[in-house]
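Okay, so here's the structure we're looking at.
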Ligand SMILES: [Zn+2]
């Protein structure tokens, strides 16, 4: 399917909703470029000078599963979006905006760069119970951290279907970290939805408890 290159897709959902997996599938099947906030942040943290107290603090916050300083995160994301838009590339975001502050800064920019009609917003719905279940046993592959479909795990899969490396437990998701991420979602990400609705953006709700392929199909229907 051809998707207009100057489009931006925002995918929301609580931890475990599979939004990153969906962003990967969309990148593969639409040609739009995924902007990975976590990757942008990790790049910064990997080159942290220990004397940089701000970056060291942000690195600590990140590893505790809390949300980083919104102004700082937003500036990093915006820099990347402008770069890609400048190359006439559309974008996919699954981790930004994550706070109301980010939304207020980023949405006008998206409108300016892509036009309102080319902004598509999806919310992958998941019950708390399902989110907890998925996060405590989230598995990824050893080589590339590809998320492994829980259904495949139940069927006994031991190696990544994409690169054949071993399936391992993702260490970020211990129970305390997961609880923190869920409460951060409710306290800081949910207000974004009110802001978007007040500003007449349509939020397309998708049932995130369906199999990965079905969720992807449902999203693609809205991009035709
Ligand atoms: Zn893999």
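Note: relative contact order over segment 119-224, using C-alpha pairs below 8 Å and six or more positions apart, is 38 percent.
Using bins of 10 Å that start at zero, the share of Cα-Cα pairs per bin across segment 72-136 amounts to 17, 46, 23, 14, 0, in whole %.
P(r) tail for segment 1-131: Cα pairs beyond 26 Å make up 24% of the total.
Take every pair of alpha-carbon atoms less than 8 Å apart whose residues are at least six positions apart; their mean separation over the length of the chain yields a relative contact order of 30 percent. Reported value for segment 125-167: 73 Å³ per residue, from the convex hull of its C-alpha atoms. Against the compact-protein benchmark of 2.2 N^0.38 Å, the Cα-based radius of gyration of segment 113-204 scales to 1.39.
For the chain, the average shadow cast by the Cα convex hull is 12.3 nm², which is a quarter of the hull's surface. From the Kirkwood radius over Cα pairs of segment 32-98, Stokes-Einstein at 20 °C and 1.002 mPa s returns a whole-number translational diffusion coefficient of 169 µm²/s.
Only the coordinates and a few stated rules stand behind these numbers; no lab work does. Remember, predicted model here, so these are calculated numbers, not experimental data.
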